1. Filter segment 90-111 for residues that are touching a strand residue (DSSP E or B) at 6+ places or on another chain (Cβ under 9 Å) and either more than 10 Å from the ligand (Cβ to nearest atom) or at pLDDT below 95 (or both) and give the result.
2. Based on this model, can you work out whether I124 counts as of a type in the set (A, V, I, L, M, F, W, C), out of contact with any Ser or Thr (no Cβ under 8 Å at 6 or more places or on another chain), closer than 29 Å to I183 by Cβ and assigned by TED's automatic domain parsing to the domain that holds G168?
3. Which pairs do you get when a residue that is assigned by TED's automatic domain parsing to the domain that holds I39, found in segment 15-26, comes within reach of a residue that is near the ligand (Cβ under 6 Å from one of its atoms) and assigned to a strand (DSSP E or B), reach meaning Cβ atoms under 7 angstrom, with the pair 6+ apart or on two chains?
4. Only one of V358, V291 is farther than 15 Å from K448 by Cα and not polar (S, T, N, Q); which?
5. Do we have F456 as of a type in the set (F, W, Y), surrounded by fewer than 24 Cβ atoms within 10 Å (Cβ to Cβ), outside any loop (DSSP other than H, G, I, E, B) and modelled with pLDDT of 95 or more here?
6. Determine whether segment 281-288 contains at least one residue that is crowded, with 17+ Cβ neighbours inside 10 Å and not assigned by TED's automatic domain parsing to the domain that holds F228.
7. Working only within segment 134-161, note down all residues that are away from the ligand (no atom under 16 Å from the Cβ) and either touching a Gly at 6+ places or on another chain (Cβ under 6 Å) or more than 25 Å from K46 (Cα to Cα) (or both).
8. With the checklist (1) touching a Cys at 6+ places or on another chain (Cβ under 9 Å); (2) assigned to a strand (DSSP E or B); (3) among the aliphatic types (A, V, I, L, M) in hand, flag the one item A369 doesn't pass.
Amino acid sequence: MNFPIIDSLHSMFYPRTIAIIGASSKPGKIGYALLKNVIDYGYEGKIYPINHESDEILGLKAYRRVQDVPEKVDLAIISVPAQGVRGVMEDCADKRVSGALIITSGFSEVGEEGRELEDQVLEIARKGNVRVIGPNMMGIVNTAGKLNALFVLPKAIPGEIAFVSQSGAMGNAILSLGSKLRIGFSKFVSIGNMADIDFSDLLEYLENDDATKVIALYVEGLRNARRFLRVAERVTRTKPVVVIKAGRSKAGAKAITSHTGYLAGSDRIYDAAFRQARIFRTNSIEELFDVAKALAYQGGLAGPRIAIVTNSGGPGIMASDACEDQGLTVPELDQVTLNRLMERLPPICSTKNPVDLVANADPERYRFAIETVGRDPQIDGVLVILTPPDAIIPRGSTTIAHEIVPLPRVIGKPIVTAWMGGVEVEEGIRVLEENRIPNFPTPERAVKAMAFMSQFLSRRK
Ligand code: COA
């Protein structure tokens, strides 16, 4: 009997029991790091280390084979050398394990012999109904289920972005950078060679995963492009999918063939296909983070019309230029809005869009201006820019941030910020981002993210 892939993936992300086959008590080994990470991240289910020579590892009773485990195993994590994986998979199939992560390298990514071995392992898995992620992968994370089954260090912080990466090391770097930038993840999957479970399966699972608001993918090549596009076209109607497709250049495409063994395919075809499936293509890790964060925190913009509120003219002009470059507009404000602004703001302020509150703008001036322009029917979202006012207004960048936090709900539209500067704005940025206001260090990056936000809703129509 074949279990639906969604159910298999669910028991891999939320396993009640995990067997780590190749678990080791020797620091420095991958089987040690895997077990230690699962324990340290606070996994609450049962952990069964499997090692054919040890009776106890890291304080847990160890078993010689997975069949010796006294209960059903939901997730097997396999970290034994390639030649041993076939036998281990036979054991997993015999034990009726629901799903397996094959960490081990040395399969189709290394050539024909490896491919044959991969096919053999997969055949055993299929017969035993064991769904497989990998081989040649780094592990998975499910922050909501307190599961960190990686052999690398970064501790993902909980959040709403699911990230699936075809490169383990890239995933490692992105998780680590995410922690530094306070960007949280719902799930992370190092997808490896995709012998069985591929991008399409994960898209289908993540489509219905309540913890995930945005799906981010690092793609080198697709196996079944037609199915991927069919699934993506459906998923992007409700959840944004953001992609980095590596191998845009000839040199990059060549590097992919030797990395994963996948044919990179023509970049122009990928580009057209992504557009058709309403997938956002980004060209750098920075852009991937920016877009995923903006969409996860504030969702889509109903249209392209942006109000800019700033305490300095220069960045307001830069933001206006960027809006035009990115297909957004900075429209004139409604007369009612202008009248309100003129009534309450000091005469030195500019009440036209961009609204310049000048250097001594305090939290109340910011709040009033954002709320007023935010309620304007000509406006779909507000970009708030701040250059450090702290010499005039003590802790101004932080107190103004606090004032902004409730405003997206008040105006019913997204707000994005650009707190510009160095250490003096750090606390304010923390306040903004902990409260899901996406902040960017420059107006240009903020505008670019808003351009993607405006496409999300319009592409769904
Ligand atoms: N059943 C139970 N235990 C087994 C076993 C089996 N079939 N085969 C091996 N073991 C035990 C070993 O005795 C060893 O235990 P010990 O540490 O107590 O001595 C442990 O499991 C690991 O086996 P070992 O032979 O020492 O392998 P290793 O740890 O050197 O390497 C891999 C195993 C999987 C890490 C390695 O083959 C590999 O593929 N590394 C690359 C991984 C990678 O980069 N993946 C892609 C990331 S993107």
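1. C92, K95, V97, S98, G99, A100, L101
2. Taking the combined requirement at face value, the residue does not satisfy it.
3. Listed pairs, sorted by first residue: A19/I50; I20/I50; I21/I50; A23/I50.
4. Step by step, each of V358, V291 is checked, and only V358 is farther than 15 Å from K448 by Cα and not polar (S, T, N, Q).
5. no
6. no
7. Selection gives K146, I157, P158, G159, E160, I161.
8. (2)
The values are calculated or read from the model by the stated rules, or taken from the named source; none is laboratory data. This one's a predicted model, so the numbers in the text were calculated from it and none came from an experiment. Because the Cβ atoms are built from the backbone with ideal geometry, glycine has one as well, and the counts that use them run over all protein chains shown.
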